[in-house]
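The values are calculated or read from the model by the stated rules, or taken from the named source; none is laboratory data. Just so it is clear, the model here is predicted, and its values are computed rather than measured. Cβ coordinates were reconstructed from backbone atoms using ideal geometry, including for glycine residues, and neighbour counts include every protein chain displayed.
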Amino acid sequence: MTRKEMDKLGWDELDILLVTGDGYVDHPSYGAALLGRWLVHHGYRVGMAAQPKWDGPDDVTRMGRPRLFAGVTAGSLDSMLAHYTAFRKKRSDDAYTPGGMAGNRPNRACIAYTNVVQRAFPGLPVILGGIEASLRRISHYDFWVDNVRKSIVLDSKATAITYGMAENSIVALADAIRDSEDRSIRALRPILVNIPGLVVAGARKDIPEDAAVVELPSHEDILADPQALIKATLLLERQVHQNKETAIQESGGRLVIITPPGEPLQTDGLDQLAGLPFSRLPHPSYTERIPSAAMIQTSVTTHRGCAGGCSFCALALHQGRQIRSRSKDSILEEVERITEVKGWTGSISDVGGPSANMWGAHCASDQSKCKRSSCLTPAICKHYKVAQGDFVNLLRSVSDVESVKHVRVASGWRIDLALTDMRALSCMIQEFVGGQAKVAPEHQVDHVLKLMRKPGFSAFEKFLDLFDKESKKAGKKQYVIPYLMSAFPGCTDDDMRALSDWLRAQGWKPEQVQCFIPLPGTAAAAMFHAETDLEGNPIFVAKSDAQRLRQHGILMPTMGRPPKGKQHRGKPSFSKGQQGRGKRR
Ligand code: SF4
């Protein structure tokens, strides 16, 4: 982060500067830290400008002009989501910032940071990455301005975007820039359009000759007809899942070229990545605590991807539906390293991933021909294979590591999948809940669940019965924390009342409810904008703040409206007789 640190490493210049909207935590859960370590591992000298000021160049020029390029990310969250509530009120907190207060990153951080870097280092290639750039890679609905925006590669004037999990694409891209004498965008474009996992602005003549091309509705088509946004979104989902097409989109006379998804890291690559020398701690220059860093310091990520394909979730669009898992040895080695970190208390706070019980899952068929949008709904695909008993054995091995006293699964469980292996589920409930199990029924009304691409509600009721029974058997008082959502497209006030009645019948009192926020690029955002389901059938959508607040208030009558400045991005926390707090997704 400083010249002094460069001198210590014997670096006279940087090859790559990474600019991030998060505080710098040297932990694999932070994208910039992860790619920084990965690039250093591949021989590049990488500097980090964490939460630089965006009204002048000083913070990005501190370590000099990098030789190859600058990588820019808004951070772990879309900057608009980080800054505004579901009711478009400004948040006061930011869990990724030292001191936990908002204000250290700009709105639309990718665009703002790109401008700073381009002013500071004219002609330097700027590569966007991370969730904000990834989800805004084609024309997308932006909730915060209630309008459709162009691909962020055009809005920011960046050289390219690396979308999804970028380890392989960013190394290929760094190698290509290193090997080019001319680093202008004109010279680089023909090379970049052949690297998987990138988005580049160009023209039709730039499409590689041998590419299998899928053309998305243009930006202008989408402005004219919201159904075109649904079509573009579904085609992009298919591109991510089938992993072979180059997608293109016309936009204001330019062509946005989205190369096929980058080859994801497999078990070997993930193990190698996890074995890099992360300190797991915030940069020593910080004097204040970074809330999110404290939360993940003793958690272990076992896999990437989520097979669920929920229509509101950004995960499948970013990490993909295919699960890539780390080996058991690598996970246990990481646990051993955690026990050596300063402040170790004996508890592993989480062993999991986007959905806890998907470690080791795989498709036993040919995914590249699959037309489904979810491996789990409307019913679990017969080709979807996972041995959840192996996950239980993994957890028991983690418990056996010396000085580990408690192991907990704090990641959400996919309940329909959990119910396919009662033995594994009983063990999980009896041994690894740690007081609270997080599950995501999201709603109670089946037509809303269908629009969400979630399993029917009966799966949740079955899970609850089993949870109570197994907890009693283990002699433990523990609770289910269900994530629920108001104002989803297709959800009416009557649907919210039905959910509220069900909760009342259980004696459950909601403490916090997630009001649906349409995330750019997701199928649910397209439905919200189009006011139809994905087949084009009209649905009711609570669109105005007043309608959304009313639905929200049905579950949270004591609140009516959210208190000023209070955040609503966290998942709701409910419990039977006890309050809990949902971990942010
Ligand atoms: S074939 Fe089945 S398991 Fe394989 S990707 Fe498609 S839905 Fe998923």
Inset, instruction - Please work out which residue is modelled with the lowest pLDDT, limiting yourself to segment 209-226 and to residues that are of a type outside the set (S, T, N, Q), part of a loop (DSSP other than H, G, I, E, B) and surrounded by 13 or more Cβ atoms within 10 Å (Cβ to Cβ). - result: Ala211
Legend entry - Whichever residue in segment 355-376 is within 8 Å of the ligand (Cβ to nearest atom) and polar (S, T, N, Q) and, among such residues, is surrounded by the most Cβ atoms within 10 Å (Cβ to Cβ): Ser374
Legend entry - Failed criterion for Gly75 (all others in (1) surrounded by fewer than 18 Cβ atoms within 10 Å (Cβ to Cβ); (2) under 30 Å from Asp7 (Cα atoms) hold): (1)
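This table checks each residue for (1) free of Cβ contacts under 8 Å to residues at least 24 places away in the same chain; (2) more than 28 Å from the chain's Cα centre (by Cα).
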| site | (1), (2) |
| --- | --- |
| Ser500 | no, yes |
| Arg504 | yes, yes |
| Trp508 | no, yes |
| Phe516 | no, no |
| Pro520 | no, no |
| Ala530 | no, no |
Inset, instruction - Pick out the one residue from Gly197, Gly202 that is small (Gly, Ala, Ser) and at positive phi. - result: Gly197
Inset, instruction - Identify, from the list Ala410, Ala418, the residue that is among the hydrophobic types (A, V, I, L, M, F, W, C), surrounded by 15 or more Cβ atoms within 10 Å (Cβ to Cβ) and within 18 Å of Lys476 (Cα to Cα). - result: Ala410
Legend entry - In segment 1-51, the residues that are over 18 Å from Pro284 (Cα atoms) and either part of a helix (DSSP H, G or I) or basic (Lys, Arg) (or both): Gly31, Leu35, Trp38, Leu39, Val40, His41, Arg45
Inset, instruction - Kindly indicate whether any position in segment 338-354 is within 16 Å of the ligand (Cβ to nearest atom) and in contact (Cβ under 8 Å) with a residue 40 or more places away in the chain. - result: yes
Inset, instruction - Output the number of residues of segment 444-490 satisfying the condition of being at positive phi and touching a residue at least 12 places away in the same chain (Cβ under 8 Å). - result: 3
Legend entry - Candidates Thr97, Thr159, Thr114 - the one that is touching a Ser or Thr at 6+ places or on another chain (Cβ under 7 Å) and either at pLDDT 95 or above or of a type in the set (A, V, I, L, M) (or both): Thr114
Inset, instruction - Tell me, please, whether a residue that is basic (Lys, Arg) and either within 15 Å of the chain's Cα centre (by Cα) or within 16 Å of the ligand (Cβ to nearest atom) (or both) can be found in segment 317-335. - result: yes
Legend entry - Count of residues meeting criterion [within 16 Å of the ligand (Cβ to nearest atom) and over 15 Å from Glu431 (Cβ atoms)] in segment 377-420: 15
